[in-house]
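Asker: Have a look at this one before I ask anything.
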Amino acid sequence: MSTSVLFDAPGPRGRIRNHALTVISVIAVGAVLYAVYRGFDNKGQFEGKIWQPFLQWETWDFYIIPGLIGTLQAAAVAAVLALAFGAIFGLARLSDHAWIRVPAGVVVEVFRAIPLLLLIFFIFYLAPMVGGGGDYAFMAVVVGLMLYNGSVLAEVVRAGVHAVPRGQSEAAYAVGMRKNQVMRLVLLPQAVTSMMPAIVSQLVVLLKDTALGYIIAYVDLLNTGFKILPARFFGSLIPAAIVIGIIYVALNMALSYLATWLERRSRRSRKTAARPVAAPGAAEVGVAAGQGTEGGGLAPDKPLE
Amino acid sequence: MDELIKYAPDLGLGFLENVKLSIVAAVASLILGTILLAMRVSPTPVLRAAGTFYVNVVRNTPLTLVLAFSALGLSDQLGLVFSETPLTNSFWIVAMGLSVYTAAFVCEALRAGVNTVPMGQAEAARAIGLTFMQSLTMIILPQAFRAVVAPLGSVMIAMIKNTTVATAGGFLADAAAVMKITFDQTGASIPIFLGIVVAFMVLTMPIGFFTGWLSRRLAVVR
């Protein structure tokens, strides 16, 4: 149902009413923006001097770009590991052998249920005890993100394979394929197509969650941009928040659009018999973008067609 | 195990703060999310644009940034103060940031719910002369809410787990902060970690099962 069905094409009186509502809402939105502007202005947040640092290349060179690289590095490494973790445990959960299926299920459910920050803290404190001194911030962020997002991706993989119509595997068995061949040649190629949007949405979540590294002092964009930079340029805290906020939003929206585009493409695709899999936790009606810090949740899985 | 018993009272108090944060944020984000949804499906383009802008910006910003900005920016720099007591103030700052963040996800879940309502329902509502607000509150929203009970449950579970990020908003009394302080003294302790994890699971699992049960019970037969 498209949203426009909620109201008729307005007649003369409706148009006048809508125009009036438009004017009122413009005034309301304007008033909110003006109040924010006044609040900022009263505290001198629009003085050129605190915005000045962002016009200099050195600021970007010393603070923002190294931070961005730190964020992207953690996200890239964690994404690769999470995809591997998700593939292994997702397939393990589909195994016919209970001694593989059950432990894999326990691991996935447990890591999905643990608040990510607690997991990162725990790894951060455990690592020096096991491996001796050193800086484990990067490792803690990456391993935490891998375990959590990998578990969510494992569910995506499972749902993706289940989304392939049963007739496909029955036909494959009927022509004499082995279990291994059915999975490798028939189910997975179709499942991957239908999983792509959900995987990309989960990667958005992963990228966003690298910001948790800020709390354990991992040198990411949030850390260099929001902690180190304002300490260097006194008073530039709010401009810094706005600048790095824009960078995060731009990065994530670009990935989200990729997810939406992939979803639209795979809906049209004739290469797979499976419908696109929704990201776990999203309503099944295709909320393309990932949920926030912790997308999934413990809600019992709905059978995804 | 001894460590868990020794520090259990502190950790319990910390966890209680998470529960309180969850309750405040659940109520506030459901209300705010519903308002945002009404804006996003309204006949007024300005409101639609404002709602869409809000959801897209907030949803793509890391929660850590939202909370850190609320505490350091809004509270310290711009003077948004809820209470003179620093701890109480940071509680409400975090509750606010968490609600603002979660509301975007509530709105998205509800919008997916509105999409499940068949076109004929809205057309019938219009045909009998209901206005936009009437058809929204009497026809569309009741069905939309029923369709998204389980996804809303997931959003709430995610929100409960997100209360641990309160540390980033300067609220140093929640379970995650207490655990960090304890670890500073004892080093990483597996019993303490597992204890807190189990506490969170005790809180989130029933919500998952309850909303799952509720969604099957309330499912609109079509």
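Asker: Output the relative contact order of chain A, whole-number percent, from Cα pairs under 8 angstrom with separation of 6+ residues.
Answerer: Relative contact order of chain A: 23 percent.
Asker: Less than 11 Å Cβ to Cβ from B:D174, Lys/Arg counted +1 and Asp/Glu -1: what total charge do the surrounding residues give? Don't skip to the answer; put the middle values down first.
Answerer: Working: positive: B:K20, B:K180; negative: B:E17.
With Lys, Arg at +1 and Asp, Glu at -1, the net is +1.
Asker: Mind listing the phi-derived Karplus ³J(HN,Hα) values for region B:68-75, rounded to whole Hz, using 6.51, -1.76 and 1.60 with θ = phi - 60°, and x for any glycine or proline?
Answerer: 5, 5, 4, 6, 6, x, 5, 7
Asker: Could you work out which residue, out of B:A168, B:A49, B:A26, moves most in a Gaussian network model of chain B, that is, has the largest mean-square fluctuation with Cα springs under 10 Å?
Answerer: With Cα springs under 10 Å in chain B, the top fluctuation among B:A168, B:A49, B:A26 is at B:A49.
Asker: Further question: Checking the a/c ratio against 1.5 first, then a/b against b/c, what shape does the Cα gyration tensor give for region A:47-268?
Answerer: On the way: a/c = 3.71, a/b = 1.86, b/c = 1.99.
Because a/c hits 1.5 or more and a/b fails to exceed b/c, region A:47-268 counts as oblate.
Asker: Would you list B:E123, A:E155 from fewest to most Cβ contacts within 10 Å?
Answerer: Listed from fewest to most nearby Cβ atoms, that is B:E123, A:E155.
Asker: If you plug each phi of region A:184-190 into the Karplus form 6.51 cos²θ - 1.76 cosθ + 1.60 with θ = phi - 60°, what whole-Hz ³J(HN,Hα) values come out, in order, with x for Gly and Pro?
Answerer: 6, 9, 10, 6, 4, x, 6
Asker: Assuming a ≥ b ≥ c are the square roots of the Cα gyration tensor eigenvalues, decide whether region B:7-152 counts as rounded (a/c under 1.5), prolate (otherwise, with a/b larger than b/c) or oblate. Walk me through the intermediate numbers first.
Answerer: On the way: a/c = 2.93, a/b = 1.96, b/c = 1.49.
Since a/c reaches 1.5 and a/b is larger than b/c, the shape of region B:7-152 is classed as prolate.
Asker: Say a paramagnetic label sat at a point 7 Å from the Cα of A:K49, along Cα to Cβ; which residues of region A:221-238 have their backbone N under 17 Å from it?
Answerer: It comes to A:230-238, nothing else.
Asker: Take every Cα pair under 8 Å in chain B that's 6+ residues apart, average their separations, divide by the length, and report that relative contact order as a whole percent.
Answerer: Numbers: 250 pairs, mean separation 69.9, N = 222.
Value for chain B: 31 percent.
Asker: For a 30 Å ceiling on Cα separation, which of these pairs sit above it: A:K227/B:K20; A:K227/B:K180; A:K49/B:K161? Please list the in-between numbers first.
Answerer: On the way: A:K227/B:K20 28 Å; A:K227/B:K180 20 Å; A:K49/B:K161 40 Å.
Over 30 Å apart, Cα to Cα: A:K49/B:K161.
Asker: Then there's this: Would you mind ranking A:M253, B:M156 by Cβ crowding within 10 Å, fewest neighbours first? Mind showing how you got there, number by number?
Answerer: Values: A:M253 16, B:M156 25.
Ascending Cβ contact count within 10 Å gives the list A:M253, B:M156.
Asker: If you take the C-alpha gyration tensor of the protein assembly as shown, multiply each eigenvalue by 5 and take the square root, what semi-axes do you get, largest first, in whole Å?
Answerer: Over the Cα atoms of the protein assembly as shown, the semi-axes work out to 35, 34, 22 Å.
Asker: Also, quick follow-up: For region B:1-43, how big is Rg over Rh, using alpha carbon atoms and the Kirkwood form of Rh? Working shown, then result.
Answerer: Details: Rg = 18.3 Å, Rh = 12.9 Å.
That ratio is 1.42, to two decimals.
Asker: Quick one: if the Förster radius is 30 Å, what FRET efficiency do B:V198 and A:A84 give, using the C-beta to C-beta distance and rounding to 0.05?
Answerer: Numbers: r = 28 Å, r/R0 = 0.94.
Computed FRET efficiency for B:V198 and A:A84 comes out at 0.60.
Asker: Convert each backbone phi in region B:36-43 into a coupling constant with the Karplus relation 6.51 cos²θ - 1.76 cosθ + 1.60 (shift: θ = phi - 60°), then list the ³J(HN,Hα) values in order as whole Hz, x for Gly and Pro.
Answerer: Once θ is set to phi - 60°, the couplings for region B:36-43 become 4, 4, 4, 5, 6, 10, 6, x Hz.
Asker: Using a Gaussian network model of chain A whose springs link C-alpha atoms within less than 10 Å, name the residue from A:N149, A:N180, A:N223 with the highest mean-square fluctuation.
Answerer: A:N180
Asker: When chain A is treated as a GNM, springs tying every alpha-carbon pair under 10 Å, which of A:A159, A:A171, A:A241 comes out with the largest mean-square fluctuation?
Answerer: Evaluated over chain A, the most mobile residue of the options is A:A171.
Asker: Using Cβ counts within 10 Å as a stand-in for footprinting exposure, how do A:K179, B:K161 rank, fewest first? Each step should come with its number before you reach the end.
Answerer: Working: A:K179 12, B:K161 27.
The fewest-first ordering by Cβ neighbours comes to A:K179, B:K161.
Asker: Which of the three applies to region A:1-119, rounded, prolate or oblate, going by the alpha-carbon gyration tensor with a ≥ b ≥ c and a/c under 1.5 meaning rounded?
Answerer: Working: a/c = 3.51, a/b = 1.40, b/c = 2.51.
Oblate, since a/c reaches 1.5 and b/c is not below a/b.
Here, each number is a calculation from the coordinates, and none is a lab measurement. These numbers come from a predicted model, not from an experiment. Backbone-built Cβ (ideal geometry, glycine too); neighbour counts: all protein chains shown.
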